[in-house]
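S.K.: Can you keep this structure in mind? I'll have questions shortly.
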Amino acid sequence: MNIVLVHGILGFRKRFGIEYFGGVAEHFRTKGLAVLVPELDPTKGVEFRGDQLCDQINSGFKSGAIDPDQQTHIIAHSMGGLDSRYVLSPVSGKRLDSPVTSLTTISTPHQGSPIADVIDTPLDLSPFPHLPFASARNPLEDALSELGISLDGLRDLTTSVCEAFSAEYRNHPSVSYFSVAGSGRLGPLPTAAAFLLFHHYIFARTGRPNDGLVTVDSATWGTFDAATWPADHADEVGHNLDNLLMPPTFPYLARFDQIVSNVAML
């Protein structure tokens with residue numbers, strides 16, 4: 001069995017000894033699975049990243065990193081799920097050298113993220129957004145533009161763009177689609193401190209459980225696992241943002257094993 005792990009926005013394969021999917025690839029390899037971990041542009045949009053993903057999967061088949069004669073299953077976190085849906089959709093025109101059997105998305109904002117909405121249009125938080133002295137420009141965009149950093153990826157996670165994307169890029173009829181979602185940590189604090197304001201903002205705006213970036217409703221696509229993960233957005237891939245030297249208490253590797261057990265029956 002081949003497993004392709006697809007990271008989200010601002011993600012990476014490995015940086016400074018830290019893996020985006022903390023220990024997941026090696027965990028799977030010890031079980032005899034072939035694992036490919038593509039590295040996509042951290043800030044570009046879905047189509048750009050999707051093209052990269054398609055090319056890297058095909059390169060994996062050619063190099064023997066993954067076996068074209070075995071079933072291939074994609075497990076994607078956050079924006080990586082949109083990149084994967086783009087590649088797999090017949091509408092995109094992308095062609096993989098060997099078929100993909102399944103896609104499982106983890107807290108992918110299929111219907112967008114309120115956090116992307118507010119970062120893209122910060123004036124929405126202003127009490128007087130329509131007054132003539134209110135700036136029409138996003139100051140974040142100006143700052144990032146000076147650094148050569150694109151906001152395309154962020155915009156592709158906004159509610160309006162994700163809804164349009166889902167309407168256009170239909171599922172591939174031969175691929176099985178599954179999804180899981182994080183609903184926040186158990187206990188008094190639902191997320192790491194880094195996500196806490198985001199979590200409260202999303203809940204105040206939507207009233208829905210969320211992992212600090214994505215609501216459970218938005219993460220639903222295909223066959224949804226109603227047993228949500230008691231984790232925040234970083235816990236889901238093995239990172240405790242409150243203490244980077246310690247893994248999350250959430251047993252994320254066991255949950256990844258459940259994903260593989262589920263798709264192994266296809």
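S.K.: Packing-wise, with mean Cβ within 10 Å as the measure, how do 39-46, 151-158, 191-198, 244-251 rank, highest first?
M.R.: 151-158, 39-46, 191-198, 244-251
S.K.: While we're on this one: Report the per residue volume, in Å³, of the convex hull enclosing the C-alpha atoms of the chain.
M.R.: Looking at the chain, the number lands at 140 Å³ per residue.
S.K.: At a Cα cut-off below 15 Å, give the aspartates and glutamates reachable from LYS31, other chains included and same-chain residues fewer than 8 away excluded.
M.R.: Qualifying aspartates and glutamates at Cα under 15 Å: ASP257.
S.K.: Continuing with the same structure: Straight distance only, please: which aspartates and glutamates reach the Cα of LYS14 with their own Cα at less than 14 Å, same-chain residues fewer than 8 apart left out?
M.R.: GLU26, GLU39, ASP41
S.K.: Take ILE75, ILE18 and sort them by solvent-accessible surface of the protein heavy atoms, 1.4 Å probe, largest at the top.
M.R.: Ranking ILE75, ILE18 by accessible area, largest first, yields ILE18, ILE75.
S.K.: Cα centroids of the range 54-101 and the range 187-266: how far apart, whole angstrom?
M.R.: 24
S.K.: Computing the accessible area with a 1.4 Å probe over protein heavy atoms, can you report the carbon and sulfur percentage for the chain?
M.R.: 59
S.K.: Now for a different question. Determine which aspartates and glutamates satisfy two conditions relative to LYS62: a Cα distance under 14 Å, and not lying fewer than 8 residues away in the same chain.
M.R.: By straight Cα distance, LYS62 reaches ASP97.
S.K.: Per residue, how much accessible area does the chain have with a 1.4 Å probe, in Å²?
M.R.: The answer is 47 Å² per residue.
S.K.: May I ask you to derive the relative contact order of the chain, considering only C-alpha pairs under 8 Å and at least 6 residues apart, and to give it as an integer percent?
M.R.: Averaging sequence separation for qualifying contacts and normalising by length gives 19 percent for the chain.
S.K.: Nothing charged except the Cβ atoms of Lys and Arg (+1) and of Asp and Glu (-1): what's the magnitude of the dipole of the chain about its Cα centre? Round to the nearest 20 debye.
M.R.: Its charge dipole is roughly 380 debye.
S.K.: Would you mind putting 76-85, 160-169 in packing order, based on average other-beta-carbon counts within 10 Å, highest first?
M.R.: Sorting 76-85, 160-169 by mean packing, highest first, produces 76-85, 160-169.
The values are calculated or read from the model by the stated rules, or taken from the named source; none is laboratory data. The shown structure was predicted, so the numbers you read here are calculated from the model rather than taken from an experiment. Backbone-built Cβ (ideal geometry, glycine too); neighbour counts: all protein chains shown. Just the protein is used for accessible areas: all its heavy atoms, side chains included, with ligands, DNA and RNA removed. Shrake-Rupley method; radii C 1.70, N 1.55, O 1.52, S 1.80 Å.
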